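Take a look at the structure set out below.
All of the numbers you see were taken from the coordinates with simple rules; none came from a lab. Bear in mind the structure is a predicted one, so any value in this text is a computation, not a measurement. Positions of Cβ are backbone-derived with ideal geometry, glycine not excepted, and every protein chain shown enters the neighbour counts.
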């Protein structure tokens, strides 16, 4: 019988299981992307910019389900290496837009082979059907209303 002071088994924690799986998969993809000089998150940023075109930092952070400061840390090396450009948005000069550069398109093209290998390896190891089901479950979780409302810090 569980008491108020006893901890549930670690394997019952949904958050830990998702984060551990995410770290494992990310580390594997990182190894495949390393020859192109990118990490998984950087690849995802470049791919989204390629698909969507210029986008504000806030919009990209929301779309990628990332904190704006975390996204900022990830875009710094991309900007430094000339893979993305950050400019004021035409519609609102205060907003900053990210744009994929020609060098970024070239790097993304180089990385696509590694990403494809990682994707294929995952699907062989996990099963193509199960991998598709997993992606759908994870998209559903990311879009859920699970997040609690912002709580006041007055205690």
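Cβ crowding within 10 Å ranks 126, 146, 32, 16 as 146, 16, 126, 32, fewest other Cβ atoms first.
For the range 41-106, rounded, prolate or oblate, judged on the Cα gyration tensor with a ≥ b ≥ c (square roots of eigenvalues), a/c < 1.5 rounded, else prolate if a/b > b/c? Mind dumping the intermediate values first?
Details: a/c = 1.42, a/b = 1.12, b/c = 1.27.
The shape class here is rounded.
The alpha carbon centroids of the range 61-93 and the range 20-59 are separated by 13 Å.
Helix 102-126 and the longest principal axis of the C-alpha atoms of the chain enclose an angle of approximately 30°.
In percent, rounded to a whole number, the relative contact order of the chain is 22, using alpha-carbon pairs under 8 Å and six or more apart. Provide the FRET efficiency to the nearest 0.05 for the residue 143-residue 70 pair, computing r from the beta carbons and using R0 = 22 Å. That gives a FRET efficiency of 0.70.
Please label the shape of the chain as rounded, prolate or oblate, based on the square roots a ≥ b ≥ c of the eigenvalues of the alpha-carbon gyration tensor (a/c under 1.5 means rounded; beyond that, a/b larger than b/c means prolate, else oblate). Oblate, since a/c reaches 1.5 and b/c is not below a/b.
Could you line up 45, 57, 86 from fewest to most neighbouring Cβ atoms inside 10 Å? Numbers along the way, then the final one.
Values: 45 26, 57 17, 86 13.
In increasing order of surrounding Cβ atoms, one gets 86, 57, 45.
The sum of -39500 (n - 2.57) across all DSSP H runs of n ≥ 4, divided by the residue count of the chain, sets its helix-only mean residue ellipticity at 222 nm to -20000 deg cm²/dmol.
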